[in-house]
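Engineer: Quick one: the structure is below, questions incoming.
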Amino acid sequence: MMASRKISQWLLFMIITQVIAEDTRSVEISLIPDSKFQCANTTCLPFITLVTSNIRNCQVACLTQSQCSAATFHRSISNCELFADMLNQNVNMLADVDAISMNVISGTRFPPEPTTTSTSTTTSSTSSTTSSSTSLTTTSTTTSTTTSTTSTSTTSSSTSSTTTSTTTSTTSTSTTSSSTSLTSTTTTSSTTTTSSTTTSSTTTTSSTTTAIPKWTITGSMSIARSYHTTSTLANGSVLVAGGSNGTILNSVELYNPATGTWTTTGSMNVARQYHTATTLANGSVLVAGGYNGVYLNSAELYNPSIGTWTTTANMSVPRQDHTAFTLATGLVLVTGGYNLGVYLNSAALYNLSTGTWTTTGSMSVARQWHTASILANGSVLVAGGQNSSGVYLNSAELYNPSTGTWTITGSMSVGRILHAASTLANGSVLVAGGQYNTNPTNSAELYNPSTGTWTSTANMSTARYDHTASILANGKVLVTGGMGNTYLRSAELY
């Protein structure tokens, strides 16, 4: 809601509030219309880029991410960039009529950041010397000028400072008002010179308590399914499409994060499993490929506004068990998969504006049942899967959209297939579940893009493979369905 408007040509202040059940969050932000951050240093890069239908949803996304200190919404492509460490980038704004930027006002986030405990020790010493006192009677004119000043204080968790000041009584300066006075009189004046030096040293120690990641159960889907897809829509709901439960499905349903419940929506034109689903810049969802007795190259688009599907151009190569992801450019990258006994390393790009497909650089390793995740710098991480020799892969590689080429990065701790991967708000990638040595696993690990390495994290409650995972607006990860010892309809949150 609009809270107040400052008298300025370009700056607006707003308070963003979100209430879900008993969870209330709010933050005060300043808006900078028709501008974006120039980002003169690497710390200014967004830690995550989301697709949101409007600036309001972009503001809510920043509200739900505690480290978000600024954001930019691009109208034409519906991209919402969230920033953490801006280092006073307001002086590096660029004019852009397609963009609206915003800053979180310090100290206005509710609930506040985790509290810190600090211990402060101060040591000071003062020495003074008085000399030269003279008294006389004379006629003098004294001019006193006082100028108002503004001071800015910055507080950090650890501060060490030394201050030295010298004061002479013959000169006086005040900072309380803006005034000038001229006085002519006969006085007896006394001049005393005093020198005073003060040294102060302060040491502060702080500690922060971090929440432990965990999983919780949420509402079950109306139909048990595996080999399906999930896609997070601009309004925060999650679209689950197709799959199999002994019968290959074209049915589709929606998850409401606010209530934890599911509702059905329009069915796909083609029943399919082992396909991909990707949320596009305009809010629609692209479903491509899969299998329903034949290997599919067909594709169709879901319109969230009316809940219906329409067909679009076919891929040049039929494929199942591939991956698809929307790049920062708005193109959709499809990688790998399987077709008629051949493991694929080929990749293709879908252009929404033209409704057509083009080829791009191939992966270094042919694989199916792998995952693909977009990173904060725009590159795409592909991890795991199976090759033509039947080996479960722990290898990973990165796609550069600017060059259309691939490079190798750090490997996972175990080889896995049919797992799920999600890019978290802090930029890391969560890989969870899958098959390891032909058995379902509940293990999970995190990829750090800064170091190119993997570390283990908390296990899921249920071992599963061929499940799906989606990032919710509140930053949690929703895992649904899959296979364990049977078809699963359970869901859990990370």
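Engineer: Which residues, taken from the range 448-490, are modelled with pLDDT of 90 or more and of a type in the set (A, V, I, L, M)?
Structural biologist: Correct list: ALA458, MET460, ALA463, ALA469, VAL477, LEU478, VAL479, MET483, LEU488.
Engineer: Among residues belonging to the range 253-272 that are open to solvent by 40 Å² or more (accessible area, probe 1.4 Å) and small (Gly, Ala, Ser), point out the one that is farthest from ASN474 (Cα to Cα).
Structural biologist: Among those residues, the one meeting the criterion is SER267.
Engineer: Among the residues of the range 456-487, how many are open to solvent by less than 40 Å² (accessible area, probe 1.4 Å) and closer than 14 Å to THR230 by Cβ?
Structural biologist: 13
Engineer: Within the range 371-404, how many residues are surrounded by fewer than 18 Cβ atoms within 10 Å (Cβ to Cβ) and among the acidic types (Asp, Glu)?
Structural biologist: Matching residues across the range 371-404 total 0.
Engineer: In addition: What are the pairs with Cβ atoms under 6 angstrom where one residue, in the range 449-473, is farther than 25 Å from CYS58 by Cβ and of a type in the set (Gly, Ala, Ser) and the other, located anywhere, is in a loop (DSSP other than H, G, I, E, B) and open to solvent by 40 Å² or more (accessible area, probe 1.4 Å)? Sequence gap at least six, or different chains.
Structural biologist: Partner pairs satisfying both residue conditions: ALA458/PRO213; ALA463/ASN442.
Engineer: Please enumerate the residues belonging to the range 330-384 that are within 20 Å of TYR447 (Cβ to Cβ) and aromatic (Phe, Trp, Tyr).
Structural biologist: Of everything in the range 330-384, just one residue is within 20 Å of TYR447 (Cβ to Cβ) and aromatic (Phe, Trp, Tyr), namely TRP369.
Engineer: Which of the numbered conditions does GLY293 fail, given that it passes all the others? Conditions: (1) surrounded by fewer than 20 Cβ atoms within 10 Å (Cβ to Cβ); (2) within 26 Å of LEU50 (Cα to Cα).
Structural biologist: It fails just one condition, (2).
Engineer: What are the residue pairs meeting all of these: first residue in the range 246-264, first residue at positive phi, second residue charged (D, E, K, R), Cβ atoms under 9 Å, and 6 or more apart or on different chains?
Structural biologist: none
Engineer: Continuing with the same structure: If you take the residues in the range 327-346 that are of a type in the set (S, T, N, Q) and open to solvent by 20 Å² or more (accessible area, probe 1.4 Å), which one is nearest to THR52 (Cα to Cα)?
Structural biologist: The first filter runs over the range 327-346 and keeps only residues of a type in the set (S, T, N, Q), leaving 329, 335, 339, 345-346.
Among the residues that remain, those that are also open to solvent by 20 Å² or more (accessible area, probe 1.4 Å) are: 329, 339, 345-346.
Values: THR329: 15, ASN339: 34, ASN345: 31, SER346: 30 Å.
Across the range 327-346, the extreme among qualifying residues is THR329.
Engineer: Now for a different question. Out of the strands (runs of 3 or more DSSP E) lying entirely within the range 222-299, which hold 3 or more residues that are farther than 16 Å from VAL334 by Cβ?
Structural biologist: On the way: elements: 229-232, 238-241, 252-256, 261-265, 276-279, 285-288.
Once the strands (runs of 3 or more DSSP E) in the range 222-299 are filtered for at least 3 residues that are farther than 16 Å from VAL334 by Cβ, what remains is 238-241, 252-256, 261-265.
The values are calculated or read from the model by the stated rules, or taken from the named source; none is laboratory data. Everything numeric in this text was worked out from a predicted model, so none of it was measured. All Cβ positions, even for glycine, are placed from backbone atoms using ideal geometry, and neighbour counts span all protein chains on display. Areas reflect the complete protein model, heavy atoms only, side chains present, ligands, DNA and RNA absent. Shrake-Rupley method; radii C 1.70, N 1.55, O 1.52, S 1.80 Å.
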